[in-house]
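A short worksheet on the structure shown next.
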Amino acid sequence: MSHRLLLLCMLPMLWCCDGLPGKPDPANRYIRPTEVTNFDTLYSMNCSGCHGAEGKLGPAVPLADPMYLALASPIHIEEITRNGVAGTTMPAFAIEAGGTLTDQQIAIIARGLSTRWGQPQSAEVVAAAPPLAVSQEGPPGDPERGAAHFRTFCGSCHGPEGRGTARAGSIVEPPYLGLVSNQNLRTNTIIGRRDLGMPDWRQVGDRPMRPQEVTDIVAWLASQRVPRPSSSMAN
């Protein structure tokens, strides 16, 4: 009888031991950086600093723009995330390229962007849009024509020479042009910056911009860059 009574007294104590302080909570288990598979965590740790916490209002391309996500395939986004953009502040995130993300994590980010911020766009609009990536086989951009196109489509906000107005700032400042790639200039010219009030290629003039006009405008903007000093000049 005494043994049974002792056992009954010990059962509550044994049950309490299961929740004693110091026992690890599975939810607090350390997760290696390469094992993180949550989109929100991956985006916050790797993308939000440049693209904005909500995919907008950052210095880089607004990833929350539905038009951008409709024109840029997940494969294109994966490639940029994996390899970065040379000559810009966009780094390569793939482990084999010196980054910290696995292929699975890069795919999660690319798919997650469309899931979170993508919206269906009409097939006609997508088909009529200038391609985000310029073809190497197509005609190159002409800076002289680009200057004229810039005045037509962009001058009302950025000024005829791109030096800014009361409506929008300068787009030819050396620090800005020194930090952005031609691809970034092209992307912004096509999709605009909805988060900053900049219209896309369809709404900047009396008619939508044509693909070659976009290419020419980017060529003109690129021609406004201040050449970087070479290593020989530094010596």
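Quick notes on this one:
- Using θ = phi - 60° and Karplus 6.51 cos²θ - 1.76 cosθ + 1.60, couplings along the stretch 51-68 (whole Hz; Gly, Pro as x): 9, x, 4, 10, x, 8, 6, x, x, 9, 3, x, 6, 8, 7, x, 5, 4
- Note on Ala133 and Thr165: the extension gain reaches 8.6 nm, defined as 0.36 nm multiplied by sequence separation minus the Cα-Cα distance.
- Sorted peptide list for 33-40, 74-81, criterion being average Cβ within 10 angstrom, highest first: 74-81, 33-40
- Residue of Ala110, Ala222, Ala166 that the Gaussian network model of the chain assigns the largest fluctuation, springs spanning Cα pairs under 10 Å: Ala166
- For the stretch 126-215, GluC sites (Glu not before Pro) are listed when DSSP marks them as loop and at most 12 other Cβ atoms sit within 10 Å of their Cβ; the list is Glu137.
- What the phi angles of the stretch 87-92 give under the Karplus curve with 6.51, -1.76 and 1.60, with θ = phi - 60°, is a coupling list of x, 10, 7, 7, x, 7 Hz, glycine and proline written as x.
- Structure remark: mean-square fluctuation, Gaussian network model of the chain, C-alpha springs under 10 Å; the largest value among Gly98, Gly138, Gly164 belongs to Gly138.
- Less than 5 angstrom separates the built amide H of Met198 from those of Arg193, all sequence-distant by 5 or more or on a different chain.
- Net charge of Cβ neighbours under 11 Å - reference Asp142; Lys, Arg +1; Asp, Glu -1: -2
- Taking all C-alpha pairs of the chain, those more than 21 Å from each other amount to 65 percent.
- Only helical runs count toward this figure. For the chain, summing -39,500 (n - 2.57) over DSSP H runs of n ≥ 4 and dividing by all residues gives -13500 deg cm²/dmol at 222 nm.
- Applied to the stretch 167-179, the Karplus parametrisation 6.51 cos²θ - 1.76 cosθ + 1.60 on θ = phi - 60° returns per-residue 3J(HN,Hα) values of 8, 8, x, 5, 10, 10, 5, x, x, 5, 5, x, 9 Hz, with x for Gly and Pro.
Just so you know, all these numbers are worked out from the coordinates, no wet-lab data involved. Predicted, not measured: the structure shown is a model, and the values here were computed from it. No Cβ is skipped: glycine too gets one built from the backbone with ideal geometry, and neighbour counts run over all protein chains shown.
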